[in-house]
Amino acid sequence: MPIIHISNSPLIPSTSPVEIHYREWGTGIPLVFLHGGWGYQIYHFQRQVEVFGDRFRIVAPDRSGYGGSARIDDLPSRFHQAAAEETFAVLEALGIERPIIWGHSDGSVIAAIMGLMHPERISGVILEAFHYDRKKPGSKEFFENMVVRPELFGDRVCATLAQDHGDEYWRTIIAADGRAWLKIIEESADPEADLYQGRLGELSVPTLFIHGGRDPRTEPDELDSVRRLLPECRMSIIEGGGHSPHSSSNSFTESNRAANEFLASLSLCR
């Protein structure tokens with residue numbers, strides 16, 4: 001797997017340079033995939049590579065702490081912001097200008113923050129399994145299990161996480177993500193607070209939301225909040241889809257169809 005080095009990252013401030021591993025396929029317009037809190041392998045992007053790899057340069061970096069990138073012991077509660085800053089540094093190191101960003105779960109939060117930070121540097125975002133609320137009561141037990149009982153997620157999940165992150169280390173990074181989310185919940189005094197400091201409605205880059213109709217990580221009113229703030233954005237709700245429509249056998253075809261229509265609508269893809 002290819003490696004680059006960036007001078008620093010707010011995700012791992014005590015280390016310089018920072019080693020980042022990434023995957024790359026195809027040629028053409030840059031399409032960057034940002035993985036969720038469990039890393040790349042558990043919800044891989046291969047079904048999109050097969051469809052889009054002949055038209056796009058697809059790049060999937062491992063964030064600091066994940067996969068083959070530099071290891072860490074903990075994540076700050078503002079790790080999405082820190083990861084957005086790191087990702088811009090990765091794009092610069094790879095010579096990628098004005099990419100389309102496809103973010104999944106935590107990656108979708110990071111992609112949205114990137115679009116808010118520097119819209120002039122992003123051509124479009126696909127936000128899949130999006131998180132809006134800071135308070136996530138329906139997911140609190142899930143995050144707690146990430147910290148103390150990840151074996152409850154089953155043998156297949158644990159084996160894939162071990163393969164991606166290492167036999168001993170995978171529990172460390174999964175627990176770090178769980179603790180960070182618990183901090184986000186705990187530090188939010190306002191039950192109406194969101195992950196974007198009230199700025200999501202300012203997102204101006206072309207945006208597509210892809211969301212599973214049965215995503216267990218979604219609070220009841222999250223998508224309604226998004227629709228109110230971004231009424232012009234495209235939203236594809238995949239009936240029967242769970243937390244990862246792009247990689248699930250019963251929903252990846254519909255995810256790819258929605259993404260293909262969105263990508264075709266962007267002037268740079270014509």
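Couple of notes before you dig in:
- Ordering Gly67, His131, Val90 by Cα displacement along the dipole of the chain toward the positive end leaves Val90 in first place; charges were set at the Cβ atoms of Lys, Arg (+1) and Asp, Glu (-1).
- Computed log10 I(q)/I(0) for segment 1-77 at 0.12, 0.27 Å⁻¹: -0.36, -1.25, from the Debye equation with unit scatterers placed on every C-alpha and solvent omitted.
- Protection proxy ranking, highest mean first, for peptides 213-220, 24-31: 24-31, 213-220, where packing is the per-residue count of other beta-carbon atoms within 10 Å, averaged.
- Considering only alpha-carbon pairs that sit under 8 angstrom and 6 or more positions apart, the relative contact order computed for the chain is 19 percent.
- Springs join every pair of Cα atoms under 10 Å in this Gaussian network model of the chain, and among Ala93, Ala176, Ala111 the largest mean-square fluctuation is at Ala93.
- Per-bin percent of Cα-Cα distances, segment 26-145 [10 Å]: 13, 46, 33, 8, 0
- Alpha-carbon centroid distance for the pair segment 222-270 / segment 32-83, whole angstrom: 19
- Formal net charge of residues neighbouring Ile3 (Cβ-Cβ distance under 12 Å; K, R +1; D, E -1): -2
- Segment 26-64 residues near the modelled Asn260 label - backbone nitrogen below 14 Å, point 7 Å along Cα→Cβ: 47-56
- Look at the dipole of segment 3-264 built from charges on Cβ: of Ser255, Trp38, Leu152, the Cα furthest out on the positive end belongs to Ser255.
- Percent antiparallel among DSSP beta bridges (both partners in segment 3-264, rounded to 5): 30
- Among Gln197, Gln48, Gln81, residue whose mean-square fluctuation peaks in a GNM of the chain (springs only between Cα atoms under 10 Å): Gln197
- Paired Rg and Dmax values of segment 98-169, which use every Cα atom, in angstrom: 15.7, 43
- The Rg/Rh ratio for segment 183-261 is 1.01, where Rg is the radius of gyration of the alpha carbons and Rh is the Kirkwood radius.
- Note on Lys183: aspartates and glutamates with a C-alpha under 13 Å away, same-chain residues under 8 apart excluded, are Asp74, Glu144.
- Arg234-Ala189 pseudo-label distance in nm [points 7 Å out on the Cα-to-Cβ vector]: 4.2
- Unit charges on C-beta of K, R, D, E only; dipole of the chain, Debye: 440
- Its Cα gyration tensor gives the chain an equivalent ellipsoid. The semi-axes, each the square root of 5 times an eigenvalue, are 24, 23, 19 Å from largest down.
- Computed magnitude of the charge dipole of segment 65-109 (debye, nearest 20; Cβ of K, R +1, Cβ of D, E -1): 100
Computed from the coordinates by the stated procedures, all read-outs in this text should not be read as laboratory data. Only a predicted model underlies this, so the values are computations on that prediction, with no experimental measurement involved. Here Cβ is always computed from backbone atoms with ideal geometry, including for glycine, and neighbour counts include all displayed protein chains.
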